[in-house]
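First comes the structure, then the notes that go with it.
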Amino acid sequence: MVAEFTAWVSTHQSRFEDVLQRLLPASEIAPQRLHAAMRYSVLEGGKRVRPLLAYAAGELAGAPVERTEIAATAVELIHAYSLVHDDMPCMDDDVLRRGKPTCHVEYDEATALLVGDALQSLAFQLLSEHRLNDDVGRQLQMVKLLAVASGSRGMAGGQAIDLASVGKQLSLPELEQMHIHKTGALIRAAILLGAYCGDKLSEAQLERLDHFGKLIGLAFQVVDDVLDCEADTATLGKTAGKDADNDKPTYVSLLGLAGAKEMAQRLHSESMATLNEFGESARRLRELADFIVLRKF
Ligand code: GRG
């Protein structure tokens with residue numbers, strides 16, 4: 001990574017951590033145990049890829065950073081809720097997440113369920129109580145966008161397909177549909193929500209940005225599948241090799257390791273092409289796309 005990009009990432013990650021600290025309910029406030037578990041599940045962990053994408057898209061769209069980071073927080077809270085629920089015994093049944101015991105292990109199952117519920121509600125509370133765009137219609141559109149991206153036609157729907165596909169052989173288009181929803185929808189939403197906090201982009205440019213989000217969201221998942229095979233548990237901070245153990249269809253099981261890596265490269269190139277017209281102003285998005293494809297964790 002270029003030193004200047006690394007500095008941008010650290011600055012924004014640390015700024016974002018402060019935002020999360022501030023916006024999450026304090027653990028001294030009742031109900032203390034639930035608030036402590038929410039903070040445990042969100043703070044001090046994770047790459048913060050979605051918030052970084054939102055910051056970068058916000059910069060491209062000329063958005064005030066104070067607005068972008070509220071949208072970024074909403075997306076990250078939905079992401080954190082999905083991880084907490086995904087790790088529960090009724091879903092993936094995992095004990096390790098972000099290098100720590102999963103929420104239901106550290107607390108209990110009922111608390112983990114409530115943590116996910118409360119994080120999801122907080123995400124929408126933030127999107128509706130902070131001014132994110134001077135145009136109220138645009139702001140309403142943002143609320144709907146996150147609702148659709150995380151609901152049955154987005155992430156939760158993708159998870160339902162995932163659960164139903166265990167032990168089955170999916171075709172490439174079926175696998176793609178699953179991941180466009182399960183992983184891609186939220187990544188795509190992070191980029192658009194960041195951009196919607198600004199006013200500099202035309203509708204055609206927003207559409208191109210959305211297409212970038214779709215491609216890089218899928219690339220993220222392909223790389224995730226590769227890492228699940230190649231990386232170790234300590235590096236990932238979550239249990240490696242789970243997909244094969246659970247007999248889940250993945251890009252690696254369908255295309256082989258080399259084929260999956262090739263696909264990630266192809267999606268990366270296609271995503272870069274969508275940014276051509278933005279020139280230098282899309283540099284951060286390009287760098288984040290590189291990171292997504294080259295990451296080792
Ligand atoms: C429970 C409704 C519901 C949905 C769960 C996102 C998801 C759907 C499940 C998570 C399981 C998983 C491994 C998904 C694949 C890709 C993914 C979202 C990985 C985790 O995201 P990262 O790598 O995690 O950005 P960090 O910890 O860095 O934030």
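Quick look at the values:
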read-out	value
Which listed residue, of Glu69, Glu76, is more than 9 Å from the ligand (Cβ to nearest atom), of a type in the set (Asp, Glu) and closer than 20 Å to Asp18 by Cβ	Glu69
Residue match in the range 267-287 (condition: within 14 Å of the ligand (Cβ to nearest atom) and on the phi < 0 side of the Ramachandran plot)	no
Asp232 vs. criteria acidic (Asp, Glu) and at negative phi	yes
Counted residues, the range 247-285 - those being assigned to a helix (DSSP H, G or I) and surrounded by fewer than 17 Cβ atoms within 10 Å (Cβ to Cβ)	15
The range 122-155: number of residues that are among the acidic types (Asp, Glu) and part of a helix (DSSP H, G or I)	1
Selection status of Thr111, buried (at least 19 other Cβ atoms within 10 Å of the Cβ), part of a helix (DSSP H, G or I) and more than 19 Å from the chain's Cα centre (by Cα)	yes
Selected residue [within 11 Å of the ligand (Cβ to nearest atom), over 24 Å from Asp245 (Cβ atoms) and open to solvent by 70 Å² or more (accessible area, probe 1.4 Å)] from Ser121, Ser152	Ser152
Some residue of the range 97-108 being of a type in the set (Gly, Ala, Ser) and open to solvent by less than 50 Å² (accessible area, probe 1.4 Å)	no
Contacts under 6 angstrom Cβ, first residue in the range 248-267 being closer than 13 Å to Leu172 by Cβ, partner hydrophobic (A, V, I, L, M, F, W, C) and open to solvent by 70 Å² or more (accessible area, probe 1.4 Å), 6 or more apart	Val252/Cys229
Where a residue in the range 121-145 is within 20 Å of Ala185 (Cα to Cα) and its partner, wherever it lies, is surrounded by fewer than 16 Cβ atoms within 10 Å (Cβ to Cβ) and among the basic types (Lys, Arg), with Cβ under 9 Å and at least six apart	Gln139/Arg131
Long-range neighbours under 8 Å by Cβ, at least six apart or interchain, first residue farther than 16 Å from Ser253 by Cβ within the range 154-166, second more than 10 Å from the ligand (Cβ to nearest atom)	Gly154/Val148; Gly154/Ala189; Met155/Ala149; Gly158/Met178; Gly158/Ile180
Residue satisfying condition, being open to solvent by less than 40 Å² (accessible area, probe 1.4 Å), away from the ligand (no atom under 16 Å from the Cβ) and either small (Gly, Ala, Ser) or not in a loop (DSSP other than H, G, I, E, B) (or both), within set Gly184, Gly217, Gly213, Gly198	Gly198
Count - residues of the range 227-243 that are of a type in the set (A, V, I, L, M, F, W, C), farther than 17 Å from Asp93 by Cβ and either more than 10 Å from the ligand (Cβ to nearest atom) or surrounded by fewer than 16 Cβ atoms within 10 Å (Cβ to Cβ) (or both)	3
Filter result for the condition that a residue is modelled with pLDDT of 95 or more and under 23 Å from Ala164 (Cβ atoms), over Ala244, Ala260	Ala260
Any hit, the range 126-139, residues being within 26 Å of Lys200 (Cβ to Cβ) and under 17 Å from the mean Cα position of the chain (by Cα)	yes
Check on Asp243, touching an Asp or Glu at 6+ places or on another chain (Cβ under 8 Å), free of Cβ contacts under 8 Å to residues at least 24 places away in the same chain and at negative phi	yes
Verdict on Ala234 being part of a helix (DSSP H, G or I) and either out of contact with any helix residue (DSSP H, G or I) (no Cβ under 8 Å at 6 or more places or on another chain) or within 17 Å of Ile187 (Cβ to Cβ) (or both)	yes
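The values are calculated or read from the model by the stated rules, or taken from the named source; none is laboratory data. All values derive from a computational prediction rather than experimental measurement. Note that we place each Cβ from the backbone using ideal geometry, even for glycine, and neighbour counts take in every protein chain shown. Heads up: the accessible areas ignore ligands, DNA and RNA and are worked out on the full protein's heavy atoms, side chains in. Shrake-Rupley method; radii C 1.70, N 1.55, O 1.52, S 1.80 Å.
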